[in-house]
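Below is one structure, written out as structure tokens; comments come after it.
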Amino acid sequence: GVHFGHGTRKWNPKMAPYISAKRKGIHITNLTRTARFLSEACDLVFDAASRGKQFLIVGTKNKAADSVAWAAIKARCHCVNKKWLGGMLTNWSTTETRLHKFRDLRMEQKTGRLNRLPKRDAAMLKRQLSRLQTYLGGIKYMTGLPDIVIIVDQHEEYTALRECITLGIPTICLIDTNCDPDLADISIPANDDAISSIRLILNK
């Protein structure tokens with residue numbers, strides 16, 4: 001399913017070089033191109049990883065969330081798979097403050113200090129902890145801005161992509177036939193809507 005694109009009416013003309021055919025009103029991605037850019041991305045990732053660089057994988061839509069979390073655990077890198085909080089990277093000092101709060105609350109829960117608080121206070125802090133776990137759980141060990149960001153869906157994660165562009169952080173992006181291939185440093189043309197396709201690319 002990697003080669004299935006979007007309906008021909010929803011395409012971005014810049015994607016023309018990456019499309020090999022039209023079938024039943026759907027654009028078909030050129031898999032030779034996919035393989036070439038995937039191989040280029042793998043070389044970059046392998047080289048960066050061997051130099052101890054930090055990676056962040058971003059994919060927040062339902063179809064991508066599990067694959068993103070799984071790939072991050074496997075590759076021992078950071079991920080955002082629930083919701084991108086605006087300014088997560090461009091306003092790093094705020095994110096850092098939230099991460100400190102998150103670590104403190106986790107520590108308090110581990111040591112049982114939360115349970116020694118008045119019920120109402122404990123309930124409020126537990127709610128806060130659960131919210132922080134949802135949004136920041138995948139980056140809880142991140143100590144600074146990532147060196148490379150891997151983005152699963154350009155349209156869905158446009159805010160994240162813009163933040164990377166603003167900060168000059170290199171990006172690797174899965175792009176479907178309705179995306180702009182010029183926005184990322186390495187664009188991999190592939191179906192960004194099928195779980196099997198997302199998992200296949202992230203597996204690499």
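Checking GLU163 against (1) under 25 Å from VAL68 (Cβ atoms); (2) surrounded by fewer than 18 Cβ atoms within 10 Å (Cβ to Cβ); (3) among the acidic types (Asp, Glu), which single condition isn't satisfied?
Failing condition for GLU163: (2).
Against the condition under 25 Å from ASP47 (Cβ atoms), out of contact with any Asp or Glu (no Cβ under 6 Å at 6 or more places or on another chain), part of a helix (DSSP H, G or I) and in the same structural domain as ALA48 (by TED's automatic domain parsing), how does CYS173 come out, does it pass?
Details: under 25 Å from ASP47 (Cβ atoms): yes; out of contact with any Asp or Glu (no Cβ under 6 Å at 6 or more places or on another chain): yes; part of a helix (DSSP H, G or I): no; in the same structural domain as ALA48 (by TED's automatic domain parsing): yes.
Answer is no for this residue.
Considering every residue within region 127-142, establish whether at least one is more than 13 Å from CYS77 (Cα to Cα), in a loop (DSSP other than H, G, I, E, B) and outside the structural domain of ILE186 (by TED's automatic domain parsing).
no
The values are calculated or read from the model by the stated rules, or taken from the named source; none is laboratory data. In this text the structure is predicted, and so the values were computed from the model without any measurement. Note that each Cβ is placed from the backbone with ideal geometry, even for glycine, and that neighbours are counted across all protein chains shown.
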